[in-house]
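The values are calculated or read from the model by the stated rules, or taken from the named source; none is laboratory data. Please read these numbers as outputs of a predicted model, since none were measured by experiment. Cβ: placed from backbone, ideal geometry, glycine included. Neighbour counts: every protein chain shown.
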Amino acid sequence: MDAAREARSNDGRSFTVGDAGGTSFVAGSLVIVTGDGERQLALVEDRSDEQPASLRGRLIGVLTDAGLDTARSLPFDTGTLEEVDVATIETLHETTGALLEVGSNLTQPGGPAKLLPHRFNRHTFWCGQSGSGKTYALGVVLEQLIAHTALPVVIFDPNSDFVRLGELNPDATGPTAEALAQRDIRVLRARGEGDSALRARFIDLRLPSKAAVLRLDPVVDRDEYNRLVHLEELMRAGELAQIMPMLRERTQTGDEAHPLAERIENLGVLDWEVWAAGATAVTDVVAERPDATVLDLGGFSTPEQQLVVALSLLDDLWERREERRPVLLVIDEAHNLCSPRLDSPLAVAVRERIVQIAAEGRKFGLWLLLSTQRPSKVHPGIISQCDNLALMKMTSPVDLAELGTYFGYAPTSLLARSPWFRQGEALFAGGFVPTPSLVKMNARLTPEGGSDVGVPLR
Ligand SMILES: Nc1ncnc2c1ncn2[C@@H]1O[C@H](COP(=O)(O)OP(=O)(O)O)[C@@H](O)[C@H]1O
Ligand SMILES: [Mg+2]
């Protein structure tokens with residue numbers, strides 16, 4: 001067993017080991033420090049390999065016969081370090097309420113890695129380069145959440161990756177698979193029929209959102225926007241197709257068409273398949289609070305239509321925020337909806353709504369989980385509100401440095417491991433994990449929708 005002398009804590013919060021030579025503890029190792037008659041659980045956050053090797057870390061809590069007391073940690077002059085045992089890790093999970101098993105710990109002594117379901121009441125940022133395994137790993141976490149909590153999940157799925165979330169792999173067994181089989185999982189698709197069609201109602205959109213659909217900017221298109229404002233009542237009279245004849249009736253002098261009618265025709269908005277007409281809209285489905293709703297956003301004939309779906313749902317959830325009914329909004333490839341570079345009126349409207357939910361949604365139960373390839377792809381006003389981080393392989397030093405500025409709770413030495421991650425390996429940090437952890441993700445229980453296409457071989 002590893003043992004090191006000369007551990008010391010002056011402040012009862014952090015600890016140092018002056019000479020850790022001969023031990024194999026690294027950043028991310030959980031250890032038990034014994035000093036001044038107390039045993040404490042601690043996390044190594046940094047190992048410097050200059051001679052002699054030294055360690056730095058934080059104390060997590062005092063180990064007692066009754067378990068782990070995370071409300072207390074104590075200073076000591078001389079302590080010894082030993083490797084944590086599996087039973088103590090179990091105690092840590094029980095004490096913190098970590099029960100979603102998503103993988104195994106990469107640091108010694110291994111064992112299951114678990115997340116805290118009740119801490120998905122914060123926003124989560126999920127980051128890693130393309131192919132690092134984000135979507136697959138996100139699926140593992142969502143399976144656990146859907147199986148073991150009653151928190152409704154809505155998945156914005158641009159690549160049809162989650163469309164088979166309601167099925168089980170043939171080899172999937174055990175309590176999570178059994179629970180998943182009982183859950184109400186709806187998949188709405190652009191090309192779907194009836195209740196499985198992904199649709200939005202124009203009539204329900206707020207006026208600024210209607211203007212965004214019509215690509216109207218209140219300042220740049222002052223006159224036309226103002227006409228729209230004065231037609232607010234008409235705009236609530238029906239769906240676009242019903243409004244058009246009424247707009248045409250308002251044609252003023254001679255044969256000159258109403259500018260809004262011309263605009264609607266020119267944009268081809270009437271031909272969009274996203275409009276619900278009399279059928280069920282995405283807002284209706286989500287309001288029924290299924291355990292999970294997958295919005296298969298790919299498959300529309302034009303890219304604006306996925307923005308219409310997102311905007312109508314996010315606006316609706318925001319308008320009902322006082323109902324305080326929790327929902328987890330999972331946005332894969334979040335740069336599609338949250339990039340600081342988006343500039344069409346619709347995209348800006350969606351992003352601004354997400355910025356607002358990031359800033360103020362938490363207390364209303366509107367929680368975000370955003371996945372993307374690098375931090376600069378999501379608006380800073382959103383990332384800065386995230387209290388949970390999942391980081392997969394990312395080789396860019398600039399991106400890692402940027403993450404470090406947002407996620408101070410993720411030890412720098414652990415962030416620095418990311419370039420060496422294999423596919424399916426992740427760093428979890430923040431409130432939703434008992435301590436910052438390096439994890440190898442478990443296998444999925446449900447089939448992936450659109451996994452990578454292989455090169456045909458002879
Ligand atoms: N943990 C894993 N185990 C097995 N296959 C995986 C794992 N993670 C990813 N893959 C596979 O690798 C490919 C890329 O993974 P994906 O999750 O789509 O990456 P990303 O979303 O980061 O681009 C997919 O085909 C997926 O099936
Ligand atoms: Mg992906």
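Key figures
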item: Near pairs, Cβ below 6 angstrom, 6+ apart or cross-chain, from segment 437-456 (at pLDDT 75 or above) to any residue that is among the hydroxyl-bearing types (Ser, Thr, Tyr); result: Leu438/Thr107; Lys440/Ser104; Gly449/Ser160
item: Residue pairs meeting the criteria (Cβ under 6 Å; at least 6 apart or on separate chains; first in the same structural domain as Val17 (by TED's automatic domain parsing) and assigned to a loop (DSSP other than H, G, I, E, B), in segment 42-70; second at pLDDT 95 or above and not aromatic (Phe, Trp, Tyr)); result: Thr70/Gly61
item: Selection count, segment 285-326, where residues are in contact with a strand residue (DSSP E or B) (Cβ under 9 Å, 6 or more places away or on another chain) and either closer than 18 Å to Arg206 by Cα or touching a residue at least 12 places away in the same chain (Cβ under 8 Å) (or both); result: 26
item: Scope segment 24-37; condition over 18 Å from Phe428 (Cβ atoms) and either in the same structural domain as Ala410 (by TED's automatic domain parsing) or surrounded by 17 or more Cβ atoms within 10 Å (Cβ to Cβ) (or both); matching residues; result: Phe25, Val31, Ile32, Val33, Thr34, Gly35
item: Residue count for segment 1-26, restricted to those that are in a loop (DSSP other than H, G, I, E, B), modelled with pLDDT under 95 and touching a strand residue (DSSP E or B) at 6+ places or on another chain (Cβ under 7 Å); result: 8
item: Of all residues in segment 98-145 being assigned to a strand (DSSP E or B) and within 16 Å of Lys393 (Cβ to Cβ), the one that is nearest to ligand 2 (Cβ to nearest atom); result: Trp126
item: Considering residues of segment 258-278 that are farther than 19 Å from Leu307 by Cα and assigned to a loop (DSSP other than H, G, I, E, B) only, the residue nearest to the chain's Cα centre (by Cα); result: Gly278
item: Per-region count, segment 146-160, residues part of a loop (DSSP other than H, G, I, E, B) and more than 10 Å from ligand 2 (Cβ to nearest atom); result: 5
item: Filter pass, Ala190 being closer than 18 Å to Leu313 by Cα, among the hydrophobic types (A, V, I, L, M, F, W, C), in contact with a strand residue (DSSP E or B) (Cβ under 8 Å, 6 or more places away or on another chain) and surrounded by fewer than 20 Cβ atoms within 10 Å (Cβ to Cβ); result: no
